[in-house]
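K.L.:
There's a structure below that I have some questions on.
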Amino acid sequence: MNEVSSIREKFSVEFVKEELLRTAYGNGDTFLARLDPRALIYWYLFFGIAPWFIHNKMILSGLLVFMVVTTVMARTSPLIIIILCTGLLGEIAFLFFISLFFGGGFESVLPMFWLTVKLAVISLASITVFSSMDPERFGDALLSMGLPSQVSFSIAFGYRTLPTLMEEFHQIFLSYRLRGKAPDSHGFLYWRSIVYFMKILVVSFYPLLLNGAKRSRTTVEALETKGFSYAATDSKVKKMKISYMSFKWSDYGFLTASFLYVVVVFWLGSVVQI
C-alpha cells in the first residue's frame, strides 16, 4: 500500500499538467528542437505513413530501434511514454480477447504483436516531432508549406489556450472535490478512489466546454479588431512571418542520416528474413 500511495503522490494533477505542457511546448534545448520545423514535418511524413505498408519484420524492428533513439534525443516526458506503453499493451490485450471470442487462438498473438510494433513506430515518431516543436514554429511551418493561414493559426492558437484550459479544468476538478464526498475507504489497490476520481474527471469536462464556448465570441471579436482577416490574406504579412525559417546544415545532415539509416534497414530486410 505504501508503494501505491507513493505512486499516487507522484502522479498528481499538478505533475500531469506540467508534463503535458512541457510536451506540448517542446524542449527547446535539444538537437531536434533546433532543427527547422519543416525538416521535422518532412521526416515525420515518412515515418508516420510508411510503416503501414511495411510487412518485413526486420525492417519494422530497425525502424522501431531508430524511433526509440529519436525519442530519447527529444527528451520525451516519462509520463507520455508510460501512457503510450499502457495504450499499446491494452490494445494488444483487447484484440487478443476479441480474437478468442471469434474462435481464434494463441497463434493470433504474433500478428497482433507486429501490428503493435507498427503503431509503436508511428506513435514514437509523432511524439518525437511534436515534443520538439513549439506551437508557433509548427504553425509557421504549415503556413510556409502552403496551408491556409486560418489552419496554421488555429493549430498554434489551440496550443496557446492549452495552459488556460488546463488551469480552468483543474479549478473545476477541485470544486467538484470540495462539493462531493470521497469514499470512506480506498479499497483494494485504491479502486474506490480511482473510480471516484474518474467520475469527477468526466463531469468536469461539461463546464469546461461551456466556458470555452462563451469565450469564443470574445476571442473572435478581439482577433478581428486587430486585423486578423486582413493579415491572413496578405502576402507581405505571410512573408514577414516566416522569414526567420531556413534550412541549415544540421537539417540536411539529420535528413541525410535518416535516409541512409532507412536504406541500410531496407537492405538488411532484403537479406535477413525473419
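All of the numbers you see were taken from the coordinates with simple rules; none came from a lab. Keep in mind it's a predicted model, so treat the numbers as computed, not measured. Virtual Cβ from ideal backbone geometry, glycine too; neighbours counted across all protein chains shown.
K.L.:
Work out the FRET efficiency for residue 68 and residue 145 from their Cβ-Cβ distance, taking R0 = 41 Å, and round it to the nearest 0.05.
P.N.:
0.90
K.L.:
Ranking request for peptides 75-84, 61-70, 195-204: highest mean number of other beta-carbon atoms within 10 Å first, then the rest in descending order.
P.N.:
Descending packing order for the listed peptides: 61-70, 75-84, 195-204.
K.L.:
Still on this structure, I have one more. Once you place label points 7 Å from the Cα toward the Cβ at residue 268 and residue 203, how far apart are they in nm?
P.N.:
5.4 nm
K.L.:
Sticking with this one: For region 131-214, state the semi-axes of the equivalent ellipsoid (square roots of 5 times the eigenvalues of the alpha-carbon gyration tensor), sorted largest first and rounded to whole angstrom.
P.N.:
In descending order, the three semi-axes are 38, 15, 9 Å.
K.L.:
Which value results when the Cα radius of gyration for the chain is divided by 2.2 N^0.38 Å?
P.N.:
1.22
K.L.:
With each label point set 7 Å from Cα along the Cα-Cβ vector, what nm distance links residue 193 and residue 29?
P.N.:
Going by the 7 Å Cα→Cβ label model, 3.3 nm.
K.L.:
Another one. Excluding same-chain residues fewer than 8 positions from residue 248, which lysines have a Cα within less than 26 Å of its Cα?
P.N.:
Reachable lysines: 236, 238, 239.
K.L.:
Then there's this: Determine, for 153, 228, 94, the number of other Cβ atoms within 10 Å of each Cβ, and report the residues in order from fewest to most.
P.N.:
Exposure proxy ranking, most exposed first: 94, 228, 153.
K.L.:
Taking the chain as a Gaussian network, where each spring joins two C-alpha atoms under 10 Å apart, which residue of 132, 246, 144 fluctuates the most?
P.N.:
246
K.L.:
Give me 36, 184 sorted ascending by neighbouring Cβ count inside 10 Å, so fewest comes first.
P.N.:
Result, fewest neighbours first: 184, 36.
K.L.:
From the C-alpha gyration tensor of region 97-254, pull out the three semi-axes of the equivalent ellipsoid (sqrt of 5λ each), sorted largest to smallest, in whole Å.
P.N.:
40, 31, 14
K.L.:
Through the Karplus equation 6.51 cos²θ - 1.76 cosθ + 1.60, θ set to phi - 60°, convert the phi angles of region 213-223 into ³J(HN,Hα) values in whole Hz; use x for Gly and Pro.
P.N.:
So the Karplus estimates, Gly and Pro as x, are 5, 5, 7, 4, 5, 5, 5, 4, 5, 5, 5 Hz.
K.L.:
I would also like to ask the following. Given springs between every Cα pair under 10 Å in a Gaussian network model of the chain, which of 260, 142, 165 has the largest fluctuation?
P.N.:
Of 260, 142, 165, the most mobile in the Gaussian network model is 260.
K.L.:
Before rounding to the nearest 500, sum -39500 (n - 2.57) across all DSSP H runs of length at least 4 in the chain and divide by the residue total; then give [θ] at 222 nm in deg cm²/dmol.
P.N.:
Counting only the DSSP helices, I get -25000 deg cm²/dmol.
K.L.:
Figure the gain on full extension for residue 256 and residue 170 (residue separation times 0.36 nm, minus the Cα-Cα span) and round it to one decimal in nm.
P.N.:
Extending this stretch completely gives an extra 26.6 nm.
K.L.:
Along the Cα→Cβ direction, 7 angstrom out, place labels at residue 102 and residue 179. What is the inter-label distance in nm?
P.N.:
Roughly 4.5 nm, to one decimal.
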